[in-house]
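Asker: Would you mind keeping the following structure in view while I ask a few things?
Read-outs: derived from the displayed coordinates by stated rules, not from any lab. Note that the coordinates shown come from a computational prediction; the quantities given were computed from them, not determined experimentally. FYI the Cβ positions are ideal-geometry reconstructions off the backbone, even for glycines, and counts take in every protein chain you see.
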Amino acid sequence: VPTYVYQCKSCEVKSEKIQRITDAALKTCEDCGGELRKVMQPVAVSYNCLGFHRTDYPR
Ligand SMILES: [Zn+2]
């Protein structure tokens with residue numbers, strides 16, 4: 001489930017919203033009624049696939 005982070009342009013309050021893709025994007029702050037903008041989230045990347053095994057080298 002994608003989680004969107006919005007930040008209010010007026011009061012700078014951040015709020016996380018779990019939304020389906022079909023849900024409409026939020027545009028107004030629930031606290032002050034100001035304009036919201038979407039904040040890009042840092043993506044959690046797994047580096048497991050980059051691990052290689054030196055011990056696999058032939059002797
Ligand atoms: Zn606000």
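Asker: Can you order the peptides 31-37, 16-22 by their average number of other Cβ atoms within 10 Å per residue, highest first? The partial results should precede the final answer.
Answerer: Numbers: 31-37: 14.1, 16-22: 9.4.
Peptide ranking by packing, descending: 31-37, 16-22.
Asker: Could you calculate the contour length gain from ARG20 to VAL5, that is, 0.36 nm times the residue separation minus the distance between their Cα atoms, to one decimal place in nm?
Answerer: Values: separation 15, 0.36 × 15 = 5.40 nm, distance 1.32 nm.
Using 0.36 nm per residue and subtracting the Cα-Cα distance, I get 4.1 nm.
Asker: What residues have an amide H closer than 5 Å to that of GLY34, excluding those fewer than 5 places away on the same chain, when H is modeled at 1.01 Å from N in the peptide plane?
Answerer: CYS29
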